[in-house]
Amino acid sequence: MESMLRLRAHRPGTLVRHAAYLHQRTAGRLGSLSHLIREAALIALTEGTERITKQLLSDVALDAAAETRARPPRRT
């Protein structure tokens, strides 16, 4: 996915470095991962930064299933 990004300031390897975070955040769902990266890229383009950062990824809202599964379990 990262090699398909056409963002001028994006650093190659950024998404690979954050693989564990991305997996946890998307609950391992490919559709959620695709949505997350696409939305982050669109925001990066519209804001003019043209790079995806972990902070930007954390600001993107995901589908309910991914958001629910990505939250840490509640302690009882």
Considering only residues that are out of contact with any Leu (no Cβ under 9 Å at 6 or more places or on another chain) and free of Cβ contacts under 8 Å to residues at least 24 places away in the same chain, look in region 17-46 and name the one that is nearest to R69 (Cα to Cα). G28
Those helices (runs of 4 or more DSSP H) lying entirely in the chain with at least 3 residues within 11 Å of the chain's Cα centre (by Cα), among the small types (G, A, S) and surrounded by 12 or more Cβ atoms within 10 Å (Cβ to Cβ): 30-47
Hits in region 47-74 (condition: without any contact (Cβ under 8 Å) to a residue 24 or more places away in the chain and closer than 19 Å to M4 by Cβ): L56
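Read-outs throughout are calculated quantities, based only on the coordinates presented, and are distinct from any laboratory measurement. All values reported here derive from a predicted model rather than from experimental measurement. Here Cβ is always computed from backbone atoms with ideal geometry, including for glycine, and neighbour counts include all displayed protein chains.
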